[in-house]
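Beneath this line is the structure, given in structure tokens, with notes to follow.
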Amino acid sequence: RKTKKSTLQALAHALQGLFFNSQRDIPRAEAALSRALVLNPNLADALHWQAGLLRASGRLREELAVRQRLAGIDPLNVANLLTLNAALRASGKPTEARAVTARLLHAFPDNPQSFGAQAADLRAAGQLAEAQVPAARVLALKSNWGPQMNAGIYYALGDFEKVLSLQGSTRSRALIALGRNEEALAVARERFSAAPEDRGAATDLLRTLS
């Protein structure tokens, strides 16, 4: 009964931390999450929210340690594994990043994000040709971000015609690279008109105008 009470108290503190974080009250959010983890060091939700808070604060080394701990407690937490993969890659630990990707592919073989992580690992290693294989799987699994991922790889490879063949990709850069500046401007303007609140569309238009 005491253990159950401690667990409920820990969860209450964790939810408090989540609330304070949503209010941008970082000190109180940290304090609440710390109290939760004192009561229950293995509370996965508290660890996940603590990791997000640390990431937002730029404390990447601490975030990485928390995410690695969470991966041991909750090994099927997709959001944590994906962020851990990216954090390891950004920290210059490609071997560890690929190990996390292998876990994702084994546990979630039909999840496009698993193949997205693999493509990102390969691209970070400069293996662009190899990255096309998992990136193509992302497209085959109908992910809405698949065209952009593939376009980025094809652009890096200099295959601009391939970029233009992808529906939903940012086409203006490829058109500029091919010397088709007027078409690029028209495409960028159309994108911005359709979604003027989209920062990416605004940046695309400004880049095309410059």
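Coordinate-derived values only; no laboratory data. A quick note: this is a predicted structure, and the numbers were derived from the prediction, not measured. When we count neighbours, we look across all protein chains shown, and the Cβ atoms used for this are built from the backbone with ideal geometry, even at glycine.
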Task: Extent along principal axes [Cα atoms of segment 69-146; Å; largest to smallest] - done: 33, 25, 18
- [ ] With only Lys, Arg, Asp and Glu charged, each at its Cβ (+1 for the first two, -1 for the last two), find how big the charge dipole of the chain is about the Cα centre; round to the nearest 20 debye.
- [x] 840 debye
Open item on the list: Give me the one-decimal Kirkwood hydrodynamic radius in Å for the chain, with the sum taken over alpha-carbon pairs.
Closed with: 19.5 Å
- [ ] Set Lys and Arg Cβ to +1 and Asp and Glu Cβ to -1, take the dipole of the chain about its Cα centre, and tell me which of 154, 84, 9 lies farthest positive.
- [x] 9
Task: Value of [θ]222 nm, deg cm²/dmol, for the chain, DSSP H segments ≥ 4, -39500 (n - 2.57) each, nearest 500 - done: -24500 deg cm²/dmol
- [ ] Let me know the whole percent of all Cα-Cα pairs from segment 156-210 that are separated by more than 13 Å.
- [x] 54 percent
- [ ] Give the share of C-alpha pairs in each 5 angstrom bin for segment 1-105, from 0 to the last occupied bin, in whole percents, shortest bins first.
- [x] 2, 14, 23, 21, 18, 11, 8, 3, 0, 0
- [ ] Find out how many positive minus negative residues lie around residue 61, taking Lys and Arg as positive, Asp and Glu as negative, among other residues whose Cβ is under 15 Å from that of residue 61.
- [x] +3
Open item on the list: In Å, what Kirkwood hydrodynamic radius results for segment 88-210 from the alpha-carbon pair distances?
Closed with: 15.5 Å
- [ ] Could you check which residue among 158, 52, 179 shows the biggest mean-square fluctuation in a GNM of the chain with a 10 Å Cα cutoff?
- [x] 179
TODO: Taking the Cα centre of segment 27-119 as origin, work out the dipole magnitude from +1 charges on Lys and Arg Cβ and -1 charges on Asp and Glu Cβ, in debye rounded to 20.
DONE: 260 debye
TODO: Give the residue from 100, 65, 181 lying farthest towards the positive end of the charge dipole for the chain; charges sit on Cβ (+1 for Lys and Arg, -1 for Asp and Glu) and the dipole is referred to the Cα centre.
DONE: 65
Task: Choice from 171, 98, 24 with maximal GNM fluctuation in the chain (Cα, 10 Å cutoff) - done: 24
